[in-house]
Amino acid sequence: MEAILDFWAAYSATIAFGLVNSFIALSCYAVLSAGVLSFTTVMFAAVGGFVAAQMIGMFALPPLVAFLFAGVAGGVAAAVIAVIFLRLETHWMALASLALVLITRVVVLNTPTLTGGVQGMLVPVRVSVLELFLALAVTAFVFYRMHNSWYGLVSRAVREDPSVASTMGISTYRVQFIAFLISGAVGGIGGAALATTLQFISADTYFLALAFTMIASTVLGGSFHWFGPIVGAFVFTALPTTMQAVLPEIQDVAKGVVLLVIMILLPRGLVDPRVLKLRLSRSPKTAEQPDA
Amino acid sequence: MHDTPTLLQLRAVAKHFGGVAAVGGLSTTVRKGTVHGLIGPNGAGKTTVINLITGLFHPTDGEILFDGHNLEAKPPHEIAALGISRTYQNVRLFSGMSALEQVLTGCFLKRGSSLFASFAGLPAARRNWEEARAKSLLLLARVGMAGKADVLAETLSYGEQRRIEIARALGSDPKLLLLDEPTAGMNHAESQAIGQLVHELRDSGLTILMVEHNMGLVTEFCDSCTVMNFGKLLAEGTPRSCIDDPEVQAAYFGRKNDAKRIQPVG
Ligand SMILES: Nc1ncnc2c1ncn2[C@@H]1O[C@H](COP(=O)(O)OP(=O)(O)O)[C@@H](O)[C@H]1O
Ligand SMILES: [Mg+2]
């Protein structure tokens, strides 16, 4: 009986972190799907996390309400960052965003009144798995709507070939600015989700490990459809626990090998809409119709 | 023909790459409702001219006037919004998109509803989306690609991809269509079909500037043309007068006064 309870405890924690990491991965996907590789998600998460922690500490807000404030704060931070970053060439943008991760840490450590500084902050409220699930469902619905709208179509065009897209009247700046806003809002929510799941946050919560989780989940799950980052986040989150259970002696190596194998075999990720389209392409219905 | 108004005018346009003048002070005019050929040997600067008109490059010197606007320093998406659309010498379709999605993307300027309304799925936006879809299907049919709507564009043949690119360029209902070697890699029948399409488009009011190497097609389908060499104007006028021009004969075909030896150069 105790064993079952132990197992459930570990299992539900994995689900909770899978849900949290889904927000982080979707934040990365939001900009990547518009052709921007950026680690700014880590900063947006920090902003959302500390804003949520402060709001909960001061007003005893329920987690989902705190998520809303975190999303807005992340969006505002993203607007400022986008204005600066979108002036840079793509590869410089990626580098600058890594620098921003380091700057975020320094700022967090040096503003103890806002963030608790080196001590970090306790978060007196814990978000439930159900609440996380609801928040992710709403977020996923937003991504679903975007994917099937003009924004989704033109952001795919901008990602594939920004100069061709621009000669079709698409402002790449505008598309990528919107992408940053979405990334900021979702990243902020992800940061708040992380804060209310861990119940303790510090400068180290929003640092390189989160950047790695973000990029690994997105690449693993696939960055060509919004469902990819969610799948990727769950696989990436479950991998350590699974490897611990299966190959406890070499779990770290095994985890790395599994990641590499998936990325080599499925370079476009676990979820790839192109596969579906290829199947549609080959269906006899389309092949036999004569040209008009 | 010379009484028709000017749609596009290049005034001493120059573009330097480092020390090289890809275009060196070119002046030429494209009149409304005509098919205008842009010809010249490889490396003459034709593609650069198209890149300058569409704003992908900005001229080092000179100015480009289109339909009452000076295109100076305008970004490509604003130039497109004025009514200029194009295809590419090396087909540049979006990878991962079906033929229909390519053309739908081309309809972006004529979407009729805001990005937000489309995201929110407002009834008017849904209607506009369906209209854009229907229009894209019609455009695919127009270039002979009906029934290929759901096919991933990169799996199609080169000629088919070129035709999808033309459909995509037509999505924005442009005033001026720039075609960069639309018949490259096509056989005679396919080239004729493109020429036919270009004529139909002109008759429906569109102005077309096309880079074309096949001299037969130029004489058959262009109303007027501009010949360039080394980034400079060599001759201008009707296709016949251009081809008979001794300078053109010398530069383009390597020998003077031998019009019979004209070959498609590719
Ligand atoms: N982006 C560029 N950078 C440097 N040189 C270029 C660039 N684009 C074109 N050129 C040069 O400009 C000249 C004209 O090229 P192009 O316009 O492509 O000729 P065409 O289309 O008539 O064959 C060539 O010498 C080419 O090498
Ligand atoms: Mg060329």
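The values are calculated or read from the model by the stated rules, or taken from the named source; none is laboratory data. Everything numeric in this text was worked out from a predicted model, so none of it was measured. Neighbour counts run over all protein chains shown; Cβ positions are idealised from the backbone, glycine included. For the accessible areas, the whole protein counts, side chains as well, though only heavy atoms, and no ligand, DNA or RNA atoms are used. Shrake-Rupley method; radii C 1.70, N 1.55, O 1.52, S 1.80 Å.
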I'd like to verify a number: residues in region B:29-52 that are more than 9 Å from ligand 2 (Cβ to nearest atom) and touching an Asp or Glu at 6+ places or on another chain (Cβ under 6 Å), how many?
3
Answer yes if at least one residue in region A:144-152 is closer than 30 Å to B:R86 by Cβ and among the hydroxyl-bearing types (S, T, Y), and no otherwise.
yes
By residue number, the members of region B:177-203 that are of a type in the set (A, V, I, L, M) and surrounded by fewer than 22 Cβ atoms within 10 Å (Cβ to Cβ) are B:A184, B:M186, B:A189, B:A193, B:L197, B:L201
So which residues in region A:259-278 are open to solvent by less than 40 Å² (accessible area, probe 1.4 Å), touching a residue at least 12 places away in the same chain (Cβ under 8 Å) and part of a helix (DSSP H, G or I)?
A:L259, A:I262, A:P273
Working only within region B:79-115, note down all residues that are basic (K, R) and open to solvent by less than 20 Å² (accessible area, probe 1.4 Å).
B:R86
Is one or more of the residues making up region B:139-160 at the interface with chain A (Cβ under 9 Å from one of its Cβ atoms) and under 13 Å from the mean Cα position of the chain (by Cα)?
no
Of (1) surrounded by fewer than 19 Cβ atoms within 10 Å (Cβ to Cβ); (2) closer than 22 Å to B:L179 by Cβ; (3) not assigned by TED's automatic domain parsing to the domain that holds B:L26, B:R133 fails just (2)
Residue within region B:116-127 that is within 25 Å of B:T183 (Cα to Cα) and open to solvent by less than 50 Å² (accessible area, probe 1.4 Å) present
no
Return the residue satisfying two criteria in turn: it lies in region B:49-78 and is away from every other protein chain (no Cβ under 14 Å) and within 16 Å of ligand 1 (Cβ to nearest atom), and of such residues it is surrounded by the most Cβ atoms within 10 Å (Cβ to Cβ).
B:V49
I'd like the full set of residues that are more than 8 Å from ligand 1 (Cβ to nearest atom) and not in a strand (DSSP E or B), limited to region B:1-48.
B:M1, B:H2, B:D3, B:T4, B:P5, B:G19, B:K32, B:G33, B:T34
Can you name the helices (runs of 4 or more DSSP H) wholly within region A:136-211 that have at least 2 residues being buried (at least 19 other Cβ atoms within 10 Å of the Cβ) and more than 14 Å from chain B (Cβ to nearest Cβ)?
A:172-198
Flagged in region B:98-130 as touching a Lys or Arg at 6+ places or on another chain (Cβ under 9 Å) and within 7 Å of chain A (Cβ to nearest Cβ), in numbering order, are B:S98, B:E101, B:L104, B:T105, B:G106, B:L115, B:S118, B:F119, B:G121
Test result for A:T242, open to solvent by 50 Å² or more (accessible area, probe 1.4 Å), in a helix (DSSP H, G or I) and within 20 Å of A:S12 (Cβ to Cβ)
yes
Is it fair to say B:L206 is away from ligand 2 (no atom under 16 Å from the Cβ), under 23 Å from B:V91 (Cβ atoms), open to solvent by less than 10 Å² (accessible area, probe 1.4 Å) and modelled with pLDDT of 95 or more?
no
Quick check on my filter: what residues within region B:53-83 are within 16 Å of ligand 2 (Cβ to nearest atom) and out of contact with any strand residue (DSSP E or B) (no Cβ under 8 Å at 6 or more places or on another chain)?
B:L56
In region A:49-60, what residues are out of contact with any Leu (no Cβ under 7 Å at 6 or more places or on another chain) and free of Cβ contacts under 8 Å to residues at least 40 places away in the same chain?
A:M58, A:F59
Quick check, is B:V103 in a helix (DSSP H, G or I), within 15 Å of the chain's Cα centre (by Cα) and on the phi < 0 side of the Ramachandran plot?
no
If you check every pair at least six apart or on different chains, which have Cβ atoms under 7 Å apart with a residue in region B:108-131 that is assigned to a helix (DSSP H, G or I) first and a residue that is β-branched (V, I, T) second?
B:F108/A:V154; B:F108/A:I170
Right, B:A184: in a loop (DSSP other than H, G, I, E, B), more than 19 Å from B:L138 (Cα to Cα) and hydrophobic (A, V, I, L, M, F, W, C) or not?
yes
